[in-house]
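Following: one structure in structure tokens, then a few remarks.
What follows draws every value from the coordinates through simple rules; no lab data is involved. Source: prediction; values computed, not measured. Cβ atoms come from the backbone with ideal geometry, glycine included; neighbour counts cover every protein chain shown.
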Amino acid sequence: MIQFRPLASSSAGNCYHVTDGRTELLIEAGIRFTDIRKALDFRVTRLAGVLISHEHMDHSRAAADLAKAGVNVYVSAGTAAARGLSGHRIKVIEPKRQFEVGTWVIMPFDVEHDAEQPLGFLLANQTGEKLVFITDSYYCRYTFSGLTHIAIEANYSLRILDENIAAGRVHPAMRPRLLRSHFSLENVLDFLKANDMSKVQEIHLLHLSDSNSDEALFRRRAQEVTGKPVYIAGR
């Protein structure tokens, strides 16, 4: 059974532990290596790999340290170049070319973000469960069938953002950047409606903004649309 555990989920750092009971992975490594070691009870070597979506530091901070510790780090060519990652533990992957890590079959796919070559990930285990992971993207062009777990960014609500701008709490220059780089609640709901929810067991909303989100609202709206259990990462 898939277990998805957020270690950190915010603009300060993102890191998620996922296991199917046989193979353990990290998705993102945007916190300090020392904090990752503590969260894993100092057993980093039990990790079969680390998936990094893009080069921004709140997602890739500990990538080089994990590689030095002997863990394979899977990144796009663009991410590797942007972060200067190299060595035999850095595994360059391509969008829509699947690969295997232990008991997982992983399909990377392209997403929309202001980074060199950002990726989302579809993970499938040997019992037929599927987890889709999407963060730091304002849109996903793909739909997925047979999903059992969804982990997706819900950074802001357009309504809350506009209210904060009108009240002077957020600078207007933030608006276009958010609209072209991060998932809004509104886009998340559209994504959920467009996908097959019949087998979904749980939904995790990631990377909520401290000022432009509302945890209770986001959970309620996602539950209304899907009828599934919804969890807020890091809360």
In a solvent-free Debye calculation with one equal scatterer on each Cα, what is log10 I(q)/I(0) for the chain at q = 0.07, 0.11, 0.17 Å⁻¹, listed in the order of the q values?
-0.21, -0.52, -1.27
Which trypsin sites (Lys or Arg not before Pro) in region 125-159 pass both tests, a DSSP loop state and at most 10 other beta-carbon atoms within 10 Å?
ARG141
Which percent, nearest 5, of DSSP beta bridges in region 1-153 are antiparallel?
65 percent
Would you list THR103, THR45, THR79, THR135 from fewest to most Cβ contacts within 10 Å?
THR45, THR103, THR79, THR135
Which of rounded, prolate or oblate describes region 162-223 when judged by the alpha-carbon gyration tensor and an a/c cut-off of 1.5?
prolate
When the Karplus curve 6.51 cos²θ - 1.76 cosθ + 1.60 is applied with θ = phi - 60°, which whole-Hz ³J(HN,Hα) does each residue of region 70-76 get, with x for Gly and Pro?
x, 9, 5, 10, 9, 9, 6
Long-range HN-HN contacts of TYR74 with modeled amide H, under 5 Å:
VAL50, LEU51, ILE52, LYS91
Taking Cα atoms only, helix 185-194 is inclined relative to the longest principal axis of the chain by an angle, in degrees rounded to 10, of 70 degrees
Within the chain: Cβ-based charge dipole about Cα centre, in debye rounded to nearest 20 (Lys, Arg +1; Asp, Glu -1)
420 debye
³J(HN,Hα) computed for each position of region 39-46 - Karplus, 6.51 cos²θ - 1.76 cosθ + 1.60, integer Hz, glycine/proline x:
5, 9, 6, 6, 10, 5, 5, 6
